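Visitor: Here it is: the structure, laid out below.
The values are calculated or read from the model by the stated rules, or taken from the named source; none is laboratory data. Just so you know, these numbers come straight off a predicted model, no measurement behind them. Here the Cβ positions follow ideal geometry from the backbone for every residue, glycine too, while neighbour counts run over all protein chains shown. When the accessible area is computed, the model is the full protein with side chains, heavy atoms only, and any ligands, DNA or RNA have been set aside. Shrake-Rupley method; radii C 1.70, N 1.55, O 1.52, S 1.80 Å.
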Amino acid sequence: MAALFRLYNVTKRYRSREVLNIRKMEVNKGRIYTILGPNGAGKTTLLRVMSLLTVNDSGRIEVFGEEVSWNKSQLVRLRRHMAMVTQTSFMFKGSVYYNVAYGLKVRKRPEPEQRKIVKECLELMGMSDFADYPAQKLSGGERQKVAIARALAVKPAVLFLDEPTSSLEPNSAMDIEHYIKFINSQYNTTVIMVTHNLFQARRLAEEIFFLWDGKIIEHGSCEDLFTRARDERTRAFLQGNF
Amino acid sequence: MAVFYQGIKEGLLLIMSLDRELIQITLLSLQVSFSALIIAAILGIPLGSVLALKRIPGRKIFLNIIYTLMGLPPVLAGLIVFLFLSNRGPLGQLQLLFTPAAMVIAQVCLALPIVCGLTARAVMAQPQEVYDTAAMLGATRRQAAWTIIKESSLGIVAALTTALGRLMAEVGAVMMVGGNIAGKTRVLTTSIVLETRMGNDSRAIAIGMILLLIAFLTMLIILKLEKRTFKDGGTIQVI
Ligand SMILES: Nc1ncnc2c1ncn2[C@@H]1O[C@H](COP(=O)(O)OP(=O)(O)OP(=O)(O)O)[C@@H](O)[C@H]1O
Ligand SMILES: [Mg+2]
């Protein structure tokens, strides 16, 4: 199986504080990964490094079998196979339609195709009625749904999700979970998701990385981690002793 | 107080009588200031955006110089342009001194730092998320930069408004390089100076009213423009 991401000794520091130190991490095609860990563990930073938004201080990163050199044409080319739903789901000024069509616009897809895809994606998220609505006026949950629709519109090979259901009520969250599973099985989309919801991790993840203080202290299949966690900190976290 | 009353009365009469000289002066004022604004916008918006987004060496110093020039006294701008355009100056051969073109050049010097500086600030005030979101949706650097500039549109409109206000209101620069020649380079603000000196206080007030009226109309247009921007969110409601 070809690895989509390979990280070796990747570190990142902010003002001399090391917030990320990944000895080795591999992500394979077509799987669903979950990253767990306490606040400030470096989960978002890890997603940002993998999606090439944050430059690592040292180490080696391979994406789609290519070593990342950070030159700008490579960045755009690699990123065009990825999409991300961030923790804050930032919306551009303008309508919901504009936001969802953005990724297709910058790829210069023909207008009719854009309309068709935007319509499909909004329908999928139950947000069709909001197409002409100013995106910055949406509620937190609506915004998160539009952010997901916007990410799906570009049909990414890899989908990064940073707590994608944190603002959603249980029913919507469940819908999203179903949908994540669906695109994963239908389009073989690789999903890398940060979540604080242990049940959600258990329902979705095939593999889990447990992050602590910037380091991966545990990695394994969902079953392994929940039933046979090796590290004491992981066990405590999973039992909710925090 | 009588002079104000008289001035306002005469002003209304003057405006309604469509005094030919006054119309000519008003049109020249508008022509000079809007030309200067358009040139300042064409140069200043891209320059300000580049300064905000590109990590070019000397950027901080350059920005500080621009912020300082935002307070450039109009007479000083006029003096510098005067020295350049005067017969002994480096551009003396162009014979531009005491023409509307010279007035436009002097006003561009005043407006450019304002447009450029305030555009840079508006763009720099955008959150990192704008770039991140654009980049993760596949935008190239150029496309992302354009998106960030569009997100700053409200601030850029404010920059243009501020610059226009300054241009319409200033006397020093247009006086220095225009010379206040009747029928040629006389504008509203220089007329006020002249009429006051000649003791025509009420006529001066009348012209002042026209300036206010223009400011009012411009503001209406800007509000219309801004409404289109505000429509899509971003307004803070305070109850
Ligand atoms: N741009 C930055 N500048 C300085 N420090 C940063 C920056 N980004 C992240 N950090 C720090 O790095 C650490 C890891 O942050 P990160 O956002 O990756 O945590 P996280 O695991 O996503 O946390 P959470 O669960 O709260 O989202 C935090 O201590 C944070 O304060
Ligand atoms: Mg985070």
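Visitor: Hey, can you tell me all the residues within region A:148-182 that are within 16 Å of ligand 2 (Cβ to nearest atom) and either in a helix (DSSP H, G or I) or among the small types (Gly, Ala, Ser) (or both)?
Guide: Those that are within 16 Å of ligand 2 (Cβ to nearest atom) and either in a helix (DSSP H, G or I) or among the small types (Gly, Ala, Ser) (or both): A:166, A:167.
Visitor: Any idea which of (1) touching a Ser or Thr at 6+ places or on another chain (Cβ under 6 Å); (2) within 16 Å of ligand 2 (Cβ to nearest atom) is the one residue A:88 doesn't satisfy?
Guide: Here residue A:88 meets the rest and fails (1).
Visitor: What about residue A:6, is it within 14 Å of chain B (Cβ to nearest Cβ), modelled with pLDDT of 95 or more and out of contact with any Pro (no Cβ under 6 Å at 6 or more places or on another chain)?
Guide: no
Visitor: Shifting gears a bit: If you take just the helices (runs of 4 or more DSSP H) that sit entirely in region B:133-196, which of them hold at least 2 residues that are open to solvent by 10 Å² or more (accessible area, probe 1.4 Å) and within 14 Å of chain A (Cβ to nearest Cβ)?
Guide: Ranges flagged: B:141-151, B:153-169.
Visitor: Looking at region B:77-103 only, could you name the residues that are assigned to a loop (DSSP other than H, G, I, E, B) and hydrophobic (A, V, I, L, M, F, W, C)?
Guide: Residues satisfying the conditions are B:91, B:96, B:97, B:98.
Visitor: Name every residue in region B:58-98 that is among the polar types (S, T, N, Q) and at pLDDT 95 or above, in order of residue number.
Guide: B:64, B:68 - these are the residues of region B:58-98 that are among the polar types (S, T, N, Q) and at pLDDT 95 or above.
Visitor: What is the number of the single condition among (1) more than 15 Å from ligand 1 (Cβ to nearest atom); (2) more than 14 Å from chain B (Cβ to nearest Cβ); (3) aliphatic (A, V, I, L, M) that residue A:25 does not meet?
Guide: Single failed check for residue A:25: (1).
Visitor: Hey, another quick one. Which one of these is touching a residue at least 40 places away in the same chain (Cβ under 8 Å), out of contact with any helix residue (DSSP H, G or I) (no Cβ under 6 Å at 6 or more places or on another chain) and surrounded by fewer than 19 Cβ atoms within 10 Å (Cβ to Cβ): A:77, A:107?
Guide: Sole residue among the options that is touching a residue at least 40 places away in the same chain (Cβ under 8 Å), out of contact with any helix residue (DSSP H, G or I) (no Cβ under 6 Å at 6 or more places or on another chain) and surrounded by fewer than 19 Cβ atoms within 10 Å (Cβ to Cβ): A:107.
Visitor: Please specify each residue of region A:54-98 satisfying the condition of being over 20 Å from residue A:192 (Cα atoms) and either touching a His at 6+ places or on another chain (Cβ under 9 Å) or facing another protein chain (nearest Cβ under 10 Å) (or both).
Guide: A:72, A:73, A:91, A:92, A:93, A:94, A:95, A:98, listed by residue number.
Visitor: Being open to solvent by 80 Å² or more (accessible area, probe 1.4 Å) and within 13 Å of chain B (Cβ to nearest Cβ) is the filter here, so list the residues in region A:110-133 that pass it.
Guide: A:132, A:133
Visitor: Also, quick follow-up: Determine, yes or no, whether residue A:101 is away from ligand 2 (no atom under 16 Å from the Cβ), more than 9 Å from chain B (Cβ to nearest Cβ) and in contact with a helix residue (DSSP H, G or I) (Cβ under 6 Å, 6 or more places away or on another chain).
Guide: yes
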